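Any read-out appearing in this document is the output of simple, stated calculations on the displayed coordinates, not a laboratory observation. Predicted model, so just to flag it, every value in this text is computed and none were measured. Cβ atoms come from the backbone with ideal geometry, glycine included; neighbour counts cover every protein chain shown.
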């Protein structure tokens with residue numbers, strides 16, 4: 001009990017100290033006196049905190065002394081690898097808890113704001129700047145952290161601010177380049193942000209495509225134009241699209257739209273019409289449909305939409321670690337504890353359903369950074385929004401929250417198909433690059449790990465190469481990830497949103513995802529057929545037959561419909577899905 005009280009008081013005072021340290025320049029002397037009264041009331045708490053982590057108390061005293069000194073305005077320039085000004089995300093702090101805000105930026109950030117500066121784990125605030133900023137700093141050692149996406153080195157340096165320092169130049173270094181091909185990263189799922197703000201944040205996060213989704217909880221329907229937003233440039237494409245939602249059936253990301261699908265507001269009252277009707281409307285206008293945050297929210301209808309070939313992709317890296325089981329509408333998921341979101345995708349692929357994975361942040365707050373979950377697509381020819389969508393549709397892509405990952409099978413890339421004889425083998429090569437720690441690089445065949453490589457501490461590059469004779473038709477992919485057991489032991493809940501107390505991870509010190517995540521990347525499959533026989537799995541087809549039966553049971557028991565005819569029409573569609581899975585089970 002004493003230990004728990006000690007830990008609680010240590011954490012409590014640490015948070016209070018950090019918050020007041022960051023806002024000290026806003027406090028008047030009168031408020032400081034009130035703070036001292038508060039300290040008197042919680043004397044025991046402050047005493048324990050002093051013993052546990054004296055640096056916070058010392059930092060508090062130091063800050064008072066520093067703020068008595070004259071601060072000077074410093075011009076900070078951020079340059080790219082060529083020496084040109086570049087947008088980035090910057091954090092300027094002292095003792096890692098005293099945050100100095102750039103001129104014209106907010107000191108206090110509201111968590112429910114979608115765009116603008118961000119706050120990450122451990123109360124770490126970052127400001128988005130375009131080429132640099134001005135900032136008032138005291139004459140002391142100051143820590144500068146600058147982040148620009150995944151391909152640039154994380155800049156982290158202590159710079160002493162002396163009387164002779166008026167400006168600081170920070171040059172970023174690019175540590176990763178795709179060896180061949182034109183890869184472009186995009187976020188398929190962003191909310192509550194305008195195009196101008198998105199452009200700055202995209203440049204700062206080294207992101208090429210941003211899909212801002214209007215939906216029933218947003219108020220930006222008037223920004224939809226059915227085309228690229230005019231602020232887009234040649235390598236930063238912004239498109240206002242739509243998320244189409246019904247909480248039991250599931251949510252859809254509707255991209256490349258020429259017109260919105262009704263209703264936009266408010267959310268549908270009934271489990272009717274089904275999402276597959278909206279899919280048809282989108283495809284009629286040449287659009288793309290991905291099942292939103294599939295790992296967390298497959299919904300009643302997800303497997304139905306896939307087997308009926310109504311969706312083009314499933315958003316696998318979005319809102320939750322894909323190694324977690326679904327947390328929404330999970331009552332219909334058979335054998336839930338043994339079926340993570342990743343497993344559900346693997347089962348669909350095992351049925352012979354060539355459904356690619358995409359990624360998006362579902363950004364709704366300033367605790368999430370645009371592109372923290374992203375999909376890199378290989379574009380052939382000129383980079384346009386349409387060519388990027390085409391690459392998503394064919395699966396020439398990989399999803400990531402920081403590592404880079406490439407996989408080839410006899411020089412075939414993700415999304416490709418190849419046919420070989422039963423006795424033939426293929427050479428599979430996968431390579432990964434990551435600044436943040438990862439533990440395993442793996443090659444997957446029909447959902448099973450067929451080869452793996454342990455990544456040592458401090459290792460930022462790894463290659464895994466095997467000769468593989470499938471023996472039957474299979475899909476092949478690669479994945480790389482960091483284990484999360486240590487975070488779980490430390491109390492991190494990977495199913496709880498970060499703004500609701502999910503807990504801190506190393507990844508989320510630098511990049512903001514909705515729920516806690518560790519480093520992860522996954523390629524889309526390469527499809528290998530033996531003598532042109534399709535990929536099939538009776539077991540996995542039977543699993544989704546059970547899934548859809550569970551969905552029908554819920555709809556008949558608890559579903560809301562405008563009429564009995566609507567109920568029967570909905571149930572009939574699910575029975576059609578069962579029939580399709582039965583065909584795949586043969």
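Panel order for 243, 569, 281, by other beta carbons found within 10 Å of each beta carbon, from fewest to most: 569, 281, 243. Beta bridges from DSSP with both residues in the stretch 123-234: antiparallel share about 70 percent, rounded to the nearest 5. Distance between the modelled labels on residue 500 and residue 81, one decimal in nanometres: 4.1 nm (7 Å Cα→Cβ projection). Based on the Stokes-Einstein relation at 25 °C and a viscosity of 0.890 mPa s, and on the Kirkwood radius from alpha carbon pairs, the stretch 348-492 is assigned a translational diffusion coefficient of 145 µm²/s. Approximating the spin labels as points 7 Å out from Cα along Cα→Cβ, the residue 330-to-residue 532 distance works out to 4.5 nm.
Taking every alpha-carbon pair within the stretch 507-586, the share separated by more than 16 Å comes to 69 percent.
Once the Cα atoms of helix 43-52 and of the chain are each reduced to a long axis, what angle between those two axes, in degrees from 0 to 90 to the nearest 10, is obtained? The helix 43-52 is inclined about 80 degrees to the chain.
Counting every C-alpha pair in the stretch 542-586, the share spaced more than 16 angstrom apart comes to 36%.
Across the stretch 116-243, how large is the tail of the calculated P(r) beyond 27 Å, expressed as a percent of all Cα pairs? Here the long-distance tail beyond 27 Å is 34 percent of all Cα pairs in the stretch 116-243.
Only helices enter the 222 nm calculation for the chain: every DSSP H run of n ≥ 4 contributes -39,500 (n - 2.57), and dividing by all residues gives -8500 deg cm²/dmol, rounded to 500.
For the stretch 344-386, a/c is not less than 1.5, where a ≥ b ≥ c are the root eigenvalues of the C-alpha gyration tensor, and a/b does not top b/c. That puts it in the oblate class. Between helix 385-394 and the chain there is an angle of about 60 degrees, using the helix long axis and the longest principal axis of the Cα atoms. Note that the chain carries a Kirkwood radius of 25.5 Å, evaluated over its alpha carbons pair by pair. Checking the a/c ratio against 1.5 first, then a/b against b/c, what shape does the Cα gyration tensor give for the stretch 105-156? It is oblate, given that a/c is not under 1.5 and a/b is not larger than b/c. With bins 5 Å wide beginning at 0, the percent of Cα pairs of the stretch 72-171 falling in each bin runs 3, 12, 25, 26, 20, 11, 3, 0, 0. One Cα centroid belongs to the stretch 361-419, the other to the stretch 221-267; the line between them spans 19 Å.
Each 10 Å bin, from zero up to the one with the longest distance, holds this percent of the alpha carbon pairs of the stretch 482-541: 19, 34, 14, 21, 12, 0. Seen against the Cα atoms of the chain and their longest principal axis, helix 54-68 is set at about 60 degrees. With each label modelled as a point 7 angstrom along the Cα→C-beta vector, the residue 572-residue 485 pair spans 5.3 nm. Listed by Cβ neighbour count within 10 Å, with the fewest neighbours leading, 191, 380, 460 appear as 380, 460, 191. Of 162, 330, the sequence from fewest to most neighbouring Cβ atoms within 10 angstrom is 162, 330. Relative contact order, whole percent, for the chain stands at 12, derived from Cα pairs under 8 Å and 6 or more residues apart. Based on Cα contacts under 8 Å between residues 6+ apart, the stretch 72-171 shows a relative contact order of 40 percent. According to the Kirkwood relation over distinct C-alpha pairs, the hydrodynamic radius of the stretch 447-586 is 19.7 Å.
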